[in-house]
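Q: To start, I am sharing the structure in question, which I have written as C-alpha cells.
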Amino acid sequence: MTHELGGYNTANTENNLTEAAVQQTESREECCSTERKSHHSEKAKKSLIHRLNRIEGQIRGVKGLIEKDTYCDDVLNQISSIQSALNGVGKLLLEHHMKSCVIERIQEGDEEVIDELLTTVNKLMK
C-alpha cells in the first residue's frame, strides 16, 4: 500500500523501520557478551502494557481520522495526546530503571551505566 504524506512516499517506511530495528537488535546481540534484562514486577509490567495498548488504540484512531479527512488541528491535538502518553510511559520506565538497574550496576562497580543513562535521558528530552 502506498501513501503520500507531505510529498513523501511512505509505502515501505514501516517495513524499513521494522527491518532496521531488527538489524540493530541483532547487532547488539552479536556484540554484547552478556544479555541484560529488566526486573519489572508483574504488576508494573501489566500497567505498562495496559498503557501501551491504550496508546496503540489512540494511534489507530488517528489513522482513522486521517482516512476520514478530519480537520488537521483535531488530528494534531490527538497526536499531542499520544506523545504525552508515551512520555508518561517513558518516565515510568526511566524511574524504574534508575531505582533498580542503574543502582544494581553501580553497586557491581559498573560506572559505565552513568554514561548510558545520560545518553538515554538526552534522547528522551529531545
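Q: In bins 10 Å wide, starting from 0, what share of all Cα pairs of region 41-124 does each bin hold, as a percent?
A: 16, 33, 27, 16, 7, 1
Q: A follow-up question, please. With point charges of +1 on the Cβ of Lys and Arg and -1 on the Cβ of Asp and Glu, referenced to the Cα centre of region 41-124, which listed residue (HIS97, ASN122, ILE66) lies farthest in the positive direction of the dipole?
A: Selected residue: ILE66.
Q: In addition: To make sure I understand, if each residue's beta carbon is the centre and we count other beta carbons within 10 Å, what order do VAL121, VAL89 fall in, fewest to most?
A: Ascending number of Cβ neighbours within 10 Å: VAL121, VAL89.
Q: Another question, if that's okay. Taking the Cβ of ALA44 as the center, what net charge do the other residues with Cβ under 12 Å away carry, scoring Lys and Arg +1 and Asp and Glu -1? Before the final figure, lay out the partial values.
A: On the way: positive: LYS43, LYS45, LYS46, ARG51, LYS99; negative: GLU42, GLU95.
Local net charge: +3.
Rule-based calculations on the coordinates, nothing more; no lab input. Quantities reported herein were computed from a predicted structural model and do not represent experimental measurements. Positions of Cβ are backbone-derived with ideal geometry, glycine not excepted, and every protein chain shown enters the neighbour counts.
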